[in-house]
């Protein structure tokens, strides 16, 4: 695993351990306050685990194994530690009867044991999961871009709050976020691999929203994997391109590469759900509890996503490793290599 570790040349944290913990509190408190006000989101309490076999857990790319265990009080029925709350939030919009133009957010804590551990990936995942009730007429690319721009403005506001407290952490976000489709990105850099394309375009613009994650490009491959039953990645959006979802990527000058902060999108309706399940040969999921509720019209149209808490703190505090922000488990060789290179894992 240590081979995945990147060591910035002559790295030294701009904050000591006490300052870091204080700055994390400032970032988390400020961001969720600004985000909830900007998107009109109400905080709700979220589960750490859900029943297996309901279709509620996030399948991510479809290959990651959830942590599973039996519960004696439920006759040993198995539950899964969540990967994210993409589908659970949508059910809560309906169950809480949230009106159009309003939504919910929560602190999501997850365990992803199949992550490749490196500077930005941990088996412990913490993010703000949010979901907003929209109408049918909002299911378009302009609406998606508008929400992305508002989230980016919240990021800029929080970055300035941190700078006011710790002037050594100079703002590095660009004035605006650039929107690029994955197909357009492939045309720009046809000889690069997907992650290399992300590095190139994010270095150029500073902040990018990459549209259309999950659907196949003209080369027959998706830019990156995305489960077929929450984000809409197959709706045509013009110029032969598809997708009403995407990732917020920032150029990270410490790590010298693209840095994913958020995965988000307009969610599937019943028609798109059936279409995308067929594309991925997963029609069997139509019988699961979540999918049945959606197909029966019990769930509202929505837009939502997750915003990495530790990653956002890592970016604003100019840290080299997510382990400088959160307490997790790392290979001993990685810990040793970090220690001798001034990267202090908590």
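The values are calculated or read from the model by the stated rules, or taken from the named source; none is laboratory data. All values reported here derive from a predicted model rather than from experimental measurement. Neighbour counts are summed over all protein chains in view; Cβ atoms, including those assigned to glycine, are modelled from backbone coordinates with ideal geometry.
Results for (1) within 18 Å of residue 308 (Cα to Cα); (2) at pLDDT 95 or above; (3) assigned to a loop (DSSP other than H, G, I, E, B), shown as yes or no for each residue.
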{"residue": "13", "(1), (2), (3)": "no, yes, yes"}
{"residue": "25", "(1), (2), (3)": "yes, yes, no"}
{"residue": "29", "(1), (2), (3)": "yes, yes, no"}
{"residue": "35", "(1), (2), (3)": "yes, yes, no"}
{"residue": "53", "(1), (2), (3)": "no, no, yes"}
{"residue": "58", "(1), (2), (3)": "yes, no, yes"}
{"residue": "88", "(1), (2), (3)": "yes, no, no"}
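Considering 148, 161, which residue is at pLDDT 95 or above and closer than 29 Å to residue 301 by Cβ?
Working: 161 fails: closer than 29 Å to residue 301 by Cβ.
One residue alone meets the criteria, 148.
Would you call residue 45 at pLDDT below 95 and in contact with a helix residue (DSSP H, G or I) (Cβ under 6 Å, 6 or more places away or on another chain)?
Numbers: at pLDDT below 95: yes; in contact with a helix residue (DSSP H, G or I) (Cβ under 6 Å, 6 or more places away or on another chain): no.
Against the criterion (at pLDDT below 95 and in contact with a helix residue (DSSP H, G or I) (Cβ under 6 Å, 6 or more places away or on another chain)), residue 45 does not qualify.
Of the residues 206, 220, which is at positive phi and modelled with pLDDT of 95 or more? First the steps, then the outcome.
Values: 220 fails: modelled with pLDDT of 95 or more.
Answer to the selection: 206.
Identify, from the list 147, 161, the residue that is in contact (Cβ under 8 Å) with a residue 60 or more places away in the chain, assigned to a helix (DSSP H, G or I), surrounded by 15 or more Cβ atoms within 10 Å (Cβ to Cβ) and within 18 Å of the chain's Cα centre (by Cα).
147
Quick grid of which residues meet (1) modelled with pLDDT under 95; (2) over 17 Å from the mean Cα position of the chain (by Cα); (3) under 27 Å from residue 32 (Cβ atoms); (4) surrounded by fewer than 21 Cβ atoms within 10 Å (Cβ to Cβ):
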position: 266; (1), (2), (3), (4): no, no, yes, no
position: 271; (1), (2), (3), (4): no, yes, no, yes
position: 275; (1), (2), (3), (4): no, yes, no, yes
position: 283; (1), (2), (3), (4): no, yes, no, yes
position: 286; (1), (2), (3), (4): no, yes, no, yes
position: 296; (1), (2), (3), (4): no, yes, no, yes
position: 303; (1), (2), (3), (4): no, no, yes, no
position: 311; (1), (2), (3), (4): no, no, yes, no
position: 327; (1), (2), (3), (4): yes, yes, yes, yes
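Name the residue, out of 64, 80, that is under 18 Å from residue 230 (Cβ atoms), touching a strand residue (DSSP E or B) at 6+ places or on another chain (Cβ under 9 Å) and in contact (Cβ under 8 Å) with a residue 24 or more places away in the chain.
Working: 64 fails: touching a strand residue (DSSP E or B) at 6+ places or on another chain (Cβ under 9 Å).
Answer to the selection: 80.
With respect to residue 248, determine if the residue is surrounded by 23 or more Cβ atoms within 10 Å (Cβ to Cβ) and either touching a strand residue (DSSP E or B) at 6+ places or on another chain (Cβ under 8 Å) or at positive phi (or both). Steps first, please.
On the way: surrounded by 23 or more Cβ atoms within 10 Å (Cβ to Cβ): no; either touching a strand residue (DSSP E or B) at 6+ places or on another chain (Cβ under 8 Å) or at positive phi (or both): yes.
The answer is no for residue 248.
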